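Student: Below is a structure I'd like to ask you about.
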Amino acid sequence: MSAWVLPDQFADVLPSEARHIEDLRRALLDTARTHGYELVIPPLVEHLDSLLTGTGEALDLQTFKLVDQLSGRSLGLRADTTPQVARIDAHLLNRAGVTRLCYCGPVARTRIDRPHGTREPLQLGAELYGHAGREADLEIIELAIASLRAAGIGRLVLDLGDVRIVDAVLGGHALEPARVSRIHAALAAKDVATLQAESHGLPSGVRQALLGLTRLYGDEAVLDEALRVLPASDALHRALADLRWLAGHVEGAEVSFDLADLRGYAYYTGMRFSLFGAGDASQTPTELVRGGRYDEVGAVFGRRRPAAGFSLDLKELVAALPRPALQKAIRAPWGSAPALRAAIAALRAQGQTVVCVLPGHEHEVDEFECDRALVERDGQWVLQPLAA
């Protein structure tokens, strides 16, 4: 095998795509800033016991591990940025009121979490700490929608669920965590056979409710059906009422519900959502954003705070968008004449891209299109259009 062959699901990002990603990064972080979110940059590597505190087995299995040559302690390459941001909120900022934070940086994972995925996502996200009400849930959803709009995504579909619904169905029945995990996985996959096997021994009403959840997806009528077929409880009514309220206030996206899709259930404590979209009307919408409420995320750092947020992979987002037009540029000769150098400097100061042709070489680029040339006329350097 060649020494320069990369590991599976890792890839170089070449110029044109890299520029698109960087433009999106700036646009989305600016969108978060206009909503009052402050940028933080956690480290790529942390001590393993800190990085994985309270995150559960799933993130542990996703984390690359190594040894610090200075201290001998075990280190981890972050597989998700949210726990780090929760640590920053709890220990470094330690604010009393609402805190809004955003971030963008690479994460590394030992395995892909979806077909055709990457093990090195460029994760961008936002977190809101300190408010337990559904107003914070709505704000996070609105920011996620605004972010995809800023990226140029047209039609958006918001899929809503709530982990409290399954908790309400299972309420009062102590099950070992591994069994609960298998039940949630079967619900998310709509795997009725596995669900029947895993719910064996539970009361008939609970089993029927779990099986009924696999059919509770679609438009807002799903919420009415849930009230009809699921065992009544205050917790269930609160969760359904919150989902109905969110659906009534969300703008800019079609809303659907899937009450059985609880991927990441061990992480979320309430509402969870996905945003599906496509950069072209002819494309099938794909999942671009995941988020929700996770009030326990800071508890392991000694400060349990209400929290809601979302994240996305900028590489996936770029793949869903049309390739952008090449950036217009100016071709200029290389030279040391003061007038030429001053003309080039003035154009660059105006924000223009000027590509100098080095002696004996034509330039080769992937992301610039030279549509003008800097030429000398009557002792003055002027711009001249280039033929297409």
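Student: Counting only protein heavy atoms, what percent of the accessible surface of the range 6-71 is carbon or sulfur at a 1.4 Å probe?
Tutor: Taking all protein chains in place, the range 6-71 shows 56 percent carbon and sulfur surface.
Student: Report, in debye and to the nearest 20, how large the dipole of the chain comes out about its Cα centre when Lys and Arg carry +1 and Asp and Glu carry -1 on their Cβ.
Tutor: Dipole size: approximately 520 debye.
Student: May I ask you to list the aspartates and glutamates whose Cα is less than 15 Å away from that of LYS190, ignoring any residue fewer than eight positions away on the same chain?
Tutor: GLU198, ASP258, ASP261
Student: Further, regarding this structure: Which part of the range 111-155 falls in the paramagnetic zone of THR284, meaning amide N under 15 Å from the point 7 Å along Cα-to-beta-carbon?
Tutor: Under cut-off, by backbone N: 115-116.
Student: Put +1 on the Cβ of each Lys and Arg and -1 on the Cβ of each Asp and Glu in the range 298-388; which of VAL318, LEU386, ALA345 then has its Cα farthest toward the positive end of the dipole?
Tutor: In the range 298-388, that residue is VAL318.
Student: What translational diffusion coefficient, in µm²/s and rounded to a whole number, does the Stokes-Einstein relation yield for the range 155-278 at 20 °C and a viscosity of 1.002 mPa s, taking the hydrodynamic radius as the Kirkwood radius over Cα pairs?
Tutor: 146 µm²/s
Student: Top to bottom by accessible area (1.4 Å), largest first, where do ASP167, ASP162, ASP258, ASP234 land?
Tutor: Heavy-atom accessible area, descending, gives ASP234, ASP167, ASP258, ASP162.
Student: Dividing the convex hull volume of the Cα atoms of the range 15-89 by its residue count, what figure in Å³ per residue is obtained?
Tutor: Roughly 133 Å³ of hull volume per residue.
Student: Provide Rg over Rh for the range 74-232; use the alpha carbon set for both Rg and the Kirkwood Rh (inverse mean inverse pair distance).
Tutor: That ratio is 1.01, to two decimals.
Student: So what's the gap between the Cα centers of the range 360-388 and the range 85-148, to the nearest angstrom?
Tutor: Between the Cα centre of the range 360-388 and that of the range 85-148, the gap is 44 Å.
Student: OK, next. Please list 216-229, 180-193 highest first by mean number of surrounding beta-carbon atoms within 10 Å per residue.
Tutor: 180-193, 216-229
Student: Among ALA339, ALA32, ALA146, which one shows the highest mean-square fluctuation when the chain is modelled as a Gaussian network with alpha-carbon springs under 10 Å?
Tutor: For the chain, modelled as a Gaussian network with Cα springs under 10 Å, the answer is ALA339.
Student: For the pair ALA18/ARG114, report the inter-label distance in nm, with labels modelled 7 Å from Cα in the Cβ direction.
Tutor: 2.6 nm
Student: Can you pull the accessible area of ARG207 for me, 1.4 Å probe, Å² to the nearest 10?
Tutor: In the full protein context, ARG207 sits at about 70 Å².
Student: Further question: Which listed residue (LEU202, ILE153, ALA126) has the Cα farthest towards the positive end of the charge dipole for the range 123-230, taking +1 on Lys and Arg C-beta and -1 on Asp and Glu C-beta about the Cα centre?
Tutor: LEU202
Student: Can you compute the charge dipole magnitude of the range 329-385 about its Cα centre, using +1 on each Lys and Arg Cβ and -1 on each Asp and Glu Cβ, nothing else charged? Give it in debye, rounded to the nearest 20.
Tutor: Once rounded to the nearest 20, the dipole reads 340 debye.
Student: At q = 0.15, 0.18, 0.19, 0.28 Å⁻¹, what is the log10 ratio I(q)/I(0) for the range 329-385, with the Debye formula run over Cα points and no solvent?
Tutor: -0.40, -0.58, -0.65, -1.32
Student: Can you give the accessible area per residue of the range 155-278, in Å², using a 1.4 Å probe?
Tutor: Spelled out: the 1.4 Å probe surface of the range 155-278, per residue, equals 44 Å².
Student: When you have a sec, figure out the Kirkwood radius of the range 228-290 from all distinct Cα pair distances and drop it here in Å to one decimal?
Tutor: Evaluated on the range 228-290, it is 13.8 Å.
Student: Once you wrap a convex hull around the alpha carbon atoms of the chain, what is its projected area averaged over all directions, in nm²?
Tutor: Value for the chain: 26.6 nm².
The values are calculated or read from the model by the stated rules, or taken from the named source; none is laboratory data. Not measured: the values here are computed from a predicted model. Cβ coordinates were reconstructed from backbone atoms using ideal geometry, including for glycine residues, and neighbour counts include every protein chain displayed. Note: areas computed on protein heavy atoms with side chains; ligands, DNA, RNA excluded. Shrake-Rupley method; radii C 1.70, N 1.55, O 1.52, S 1.80 Å.
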